[in-house]
Structures are given as C-alpha cells and as structure tokens.
Amino acid sequence: MKKIFFIALMIMVGMVAESYAQGTAAKPLAAAGKQTIDVYYFHATRRCYTCTNVENQSKAALEKLYPKQMETGAIVFHSVNFEEAEGEKLAKELQVPGQALLVVKGKEKKDLTSEGFMYATRMPEKLQESIRKAIDPML
C-alpha cells in the first residue's frame, strides 16, 4: 500500500512539475532587477511528511551552504502557503500551479520541485547539491 501511495505521489509531482515547466517560459517577474536570491517553497495548508521534509531539508541546505548570505539577506528562504491570500497572489505572480520549490533572482527562475520531492526524505545530500548548482551561478 505504501509503495502504491509513493508511486502515485511521484506521478502527481511529475505532472505538476511538467505543467509548471510548460507554462513559465517567457513571462517576466515583478521582482526583476532584485539582487537577492529568493528560495520559495510553496505548499498547501494540509501537508504530508514529505511536503514538510522538502521545506525542512531545503532550508537546512541553505543554512549549511550559505550561512553568511542567509544572515545578510542576500539569500532568503520563504515558506509560502498558496491557499492563503498573500500566497495565492505570489503563486500567480511566479506562475506556480501547486507545490513548488523555486530559486529566483530577478527574472531568472530555477524549478527544483522534482529534486525536492525525489531527494528530501531519502537522499537529502542530493537535494543540497541541486540547490547548490542552482544558486552558485546566481551569486
């Protein structure tokens, strides 16, 4: 039963990530020109263990990899509930259809949703590496 649930969850995450990637190619962000790197984790009000773990592992990776940038505000982590009014507005601005892990600097946006859900629970070091690969070129 757990395997079926896990497979169904991975299929759903893949479908959301694919629909997100198809709909976000060329639209500018309102935060264009901003020099901070914003890492957004969009989530629903009701959350499973994996959803919570993606947030926790992403934030822990940022704090481990970029402690000075986190302290100075050069990199900012945002946990956003897209079911609340402010979160819904931001999700529309960033064209986020559901749960997502994004790294944003100005008009540049990297989607790490698939990596987050694949690696946060069983291989957090791979999620950390994906985050590093997304952020380092933006610094």
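Here is how the numbers come out for the structure above:
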item	result
Within segment 45-73, considering residues that are closer than 19 Å to Lys109 by Cα and free of Cβ contacts under 8 Å to residues at least 60 places away in the same chain, the one surrounded by the fewest Cβ atoms within 10 Å (Cβ to Cβ)	Gly73
Considering residues of segment 114-139 that are touching a residue at least 40 places away in the same chain (Cβ under 8 Å) and among the small types (Gly, Ala, Ser) only, the residue surrounded by the most Cβ atoms within 10 Å (Cβ to Cβ)	Gly116
Long-range neighbours under 9 Å by Cβ, at least six apart or interchain, first residue on the phi > 0 side of the Ramachandran plot within segment 99-113, second among the basic types (Lys, Arg) and part of a loop (DSSP other than H, G, I, E, B)	Gly106/Lys34
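Condition check ((1) part of a helix (DSSP H, G or I); (2) among the small types (Gly, Ala, Ser)) across all residues:
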residue	(1), (2)
Thr50	yes, no
Asn56	yes, no
Lys59	yes, no
Lys64	yes, no
Ser79	no, yes
Glu83	no, no
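A quick yes/no check of all residues on (1) more than 11 Å from the chain's Cα centre (by Cα); (2) under 11 Å from Ser58 (Cβ atoms); (3) polar (S, T, N, Q); (4) not in a loop (DSSP other than H, G, I, E, B):
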{"site": "Glu88", "(1), (2), (3), (4)": "yes, no, no, yes"}
{"site": "Lys92", "(1), (2), (3), (4)": "yes, no, no, yes"}
{"site": "Pro97", "(1), (2), (3), (4)": "yes, no, no, no"}
{"site": "Val103", "(1), (2), (3), (4)": "no, yes, no, yes"}
{"site": "Ser114", "(1), (2), (3), (4)": "no, no, yes, yes"}
{"site": "Thr121", "(1), (2), (3), (4)": "yes, no, yes, no"}
{"site": "Lys126", "(1), (2), (3), (4)": "yes, no, no, yes"}
{"site": "Lys133", "(1), (2), (3), (4)": "yes, no, no, yes"}
{"site": "Asp136", "(1), (2), (3), (4)": "yes, no, no, yes"}
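Rule-based calculations on the coordinates, nothing more; no lab input. What you see is a predicted model, and the numbers here were worked out from it, not measured in a lab. So basically every Cβ, Gly included, is an ideal-geometry build from the backbone, and we count neighbours across all protein chains shown.
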